[in-house]
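Participant: One structure coming up, written as structure tokens, with questions to follow.
Only the coordinates and a few stated rules stand behind these numbers; no lab work does. Here the structure is a predicted model, which is why all the values come from computation and not from measurement. Note: ideal-geometry Cβ built from the backbone for every residue, glycine included; neighbour counts use all protein chains shown.
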Amino acid sequence: MGLKFLIVDDSANIRAFVKKTLGLTGLEIERIDEATDGIDGLLQLAENPVDVVLTDINMPNMDGLDMIRKIREDPKFASIQIVVISTEGSREKIIEAVKCGANGYLKKPFGPEEVLDILKEAIKK
Amino acid sequence: MSTRDNRIAGNFVVESMNELLEKMAFVNIEPREPYWTGDFIFEKELAGRLFFSGPVSGVFLINCSAQFIREATSNLLGIEGAEVNEEQLFDTLKEFVNMVTGSVLHKMDSEKSLAKLGIPECRNVRVAPFDESAPCEVMVCPFTFYSITDNAEDALFLEIALR
């Protein structure tokens, strides 16, 4: 069985690019869901659990870090790997994301190799 | 900023744009010599703008042709240029403004978050110009864009005004 992903980003183009990039990694993929913000992400996750969440930080309604905190509060999502994909790449921001419960951090812009590297790490865990 | 600082800031803008296009949109551009001017340049029809504030505050702007963004969007999404709609064009431009601003600020200091990024805005400036002028002098980083579709040269401008 392949991996199930949820991509959370308010940009439809970035969601499409991440989806296209996941297809280039060679990973076996069962399903890729999409959400437009943190609230949408939590709703989708409750209905269709996934193995890996890839999320932006700056989004309307609920940002990525708040969504990660909510996911980590729920024990049934404990095994989900969360990778943050953001334009902000400072050490300070990465530490904040990890403290919230992120397992990996990918700075935009990124290519397929970087996605594969970070997912290999996340999946190993 | 000193002449040396200006050159470094100009290099950061060029490096950030090159990195973005190499990794995500595969569009062929070549940097030209940066220069300083009193206000933003709106030579092309589309503009994306982002305000940022914090220890470093200012405005970042990309001014480009629809053709440039169409080719970039086509490559980003893996679809034909003719299939790209207006919503996708503006989405790409907003993301480009966001990513280049984030990248330039990161290159200025990789330890701390130097600024909180605002919400990127994007429009056709021939139809609805931005009404605010630059808060201070603007550093303009011009690029030559080589269009594969038209087999022609075009220009785009990355502009940054630090308060």
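Participant: So for A:Leu45, A:Leu27, A:Leu54, fewest C-beta neighbours within 10 Å to most, what's the order? All intermediate terms of the calculation are to be shown ahead of the outcome.
Facilitator: Values: A:Leu45 22, A:Leu27 16, A:Leu54 29.
Least crowded to most crowded, the residues run A:Leu27, A:Leu45, A:Leu54.
Participant: B:Thr37: net charge of surrounding residues, Cβ under 10 Å, Lys/Arg +1, Asp/Glu -1, itself excluded?
Facilitator: On the way: positive: none; negative: B:Asp39, B:Glu137, B:Glu159.
Result for the neighbourhood of B:Thr37: -3.
Participant: Still on this model: Give me B:Arg7, B:Arg49, B:Arg70 sorted ascending by neighbouring Cβ count inside 10 Å, so fewest comes first. All intermediate terms of the calculation are to be shown ahead of the outcome.
Facilitator: Details: B:Arg7 12, B:Arg49 23, B:Arg70 20.
Taking fewest neighbouring Cβ atoms as first place, the list is B:Arg7, B:Arg70, B:Arg49.
Participant: Additional query: Which whole-angstrom value gives the distance between the alpha carbon centres of region A:1-36 and region B:106-127?
Facilitator: 25
Participant: Cross-link candidates for B:Lys116: which lysines have Cα within less than 24 Å, leaving aside residues fewer than 8 places away along the same chain?
Facilitator: Partners within reach: A:Lys70, A:Lys93, A:Lys99, A:Lys107, A:Lys108, B:Lys94, B:Lys107.
Participant: Could you give me the percent of Cα pairs per 5 Å distance bin for the protein assembly as shown, shortest bin first, beginning at zero and ending with the bin that holds the maximum distance?
Facilitator: 1, 6, 12, 17, 18, 16, 13, 9, 5, 3, 1, 0
Participant: In a GNM of chain A with a 10 Å cut-off on Cα contacts, which of A:Thr25, A:Thr36, A:Thr55 has the highest mean-square fluctuation?
Facilitator: Maximum among the listed residues: A:Thr25.
Participant: Right, something else. Is the shape of region A:3-124 rounded, prolate or oblate, going by the alpha carbon gyration tensor and its root eigenvalues a ≥ b ≥ c, with a/c under 1.5 for rounded and a/b larger than b/c for prolate? Don't skip to the end; give the middle numbers.
Facilitator: Working: a/c = 1.26, a/b = 1.09, b/c = 1.15.
Taking the square roots of the gyration eigenvalues as a ≥ b ≥ c, region A:3-124 is rounded.
Participant: What's the Cα-based Rg to Rh of region A:66-106, Rh via Kirkwood?
Facilitator: Taking Rg over the Kirkwood Rh, I get 0.98.
Participant: Also, I was wondering about something else. Could you list A:Lys99, B:Lys23 in order of exposure, starting from the residue whose Cβ has the fewest other Cβ atoms within 10 Å?
Facilitator: In order of increasing Cβ crowding within 10 Å: A:Lys99, B:Lys23.
Participant: Over region B:82-163, what is the relative contact order in whole percent, taking alpha-carbon pairs under 8 Å and six or more residues apart?
Facilitator: Relative contact order comes out at 21 percent.
Participant: Under 8 Å for C-alpha pairs, at least 6 residues apart: give me the relative contact order for region A:3-124, rounded to a whole percent.
Facilitator: That works out to 25 percent.
Participant: Under the definition of Cα pairs under 8 Å and six or more residues apart, what whole-number percent is the relative contact order of region B:3-162?
Facilitator: Worked out over region B:3-162, it gives 37 percent.
Participant: Could I ask something else about it? For region B:66-147, what mean projected area does the convex hull of the alpha carbons give, in nm²? Provide the component values of the computation, followed by the final result.
Facilitator: On the way: hull surface 29.1 nm².
Mean projected area of the Cα convex hull: 7.3 nm².
Participant: Would you compute, from DSSP H runs of 4+ residues alone, the mean residue ellipticity of chain B at 222 nm, taking -39500 (n - 2.57) per run and dividing by the full residue count, rounded to the nearest 500? Write down the numbers at each step before the final one.
Facilitator: Details: 3 runs with 53 residues, N = 163.
Per the formula, -11000 deg cm²/dmol.
Participant: Shifting gears a bit: Can you give the angle from 0 to 90° between the axis of helix B:86-108 and the longest principal axis of chain B, with both taken from C-alpha atoms, to the nearest 10?
Facilitator: 30
Participant: Per residue, how much space in cubic angstrom lies within the convex hull of the C-alpha atoms of region B:7-163?
Facilitator: 106
Participant: In peptide B:102-108, how many Cβ atoms from other protein chains are near each Cβ within 10 Å, on average? Numbers along the way, then the final one.
Facilitator: Numbers: counts 10, 6, 0, 4, 7, 1, 0.
Average neighbour count from other chains, rounded to a whole number: 4.
Participant: Related question: Quantify how strongly other chains surround peptide A:88-96 by giving the mean number of their Cβ atoms within 10 Å of each of its Cβ atoms.
Facilitator: Across A:88-96, the average partner-chain Cβ count within 10 Å equals 5.
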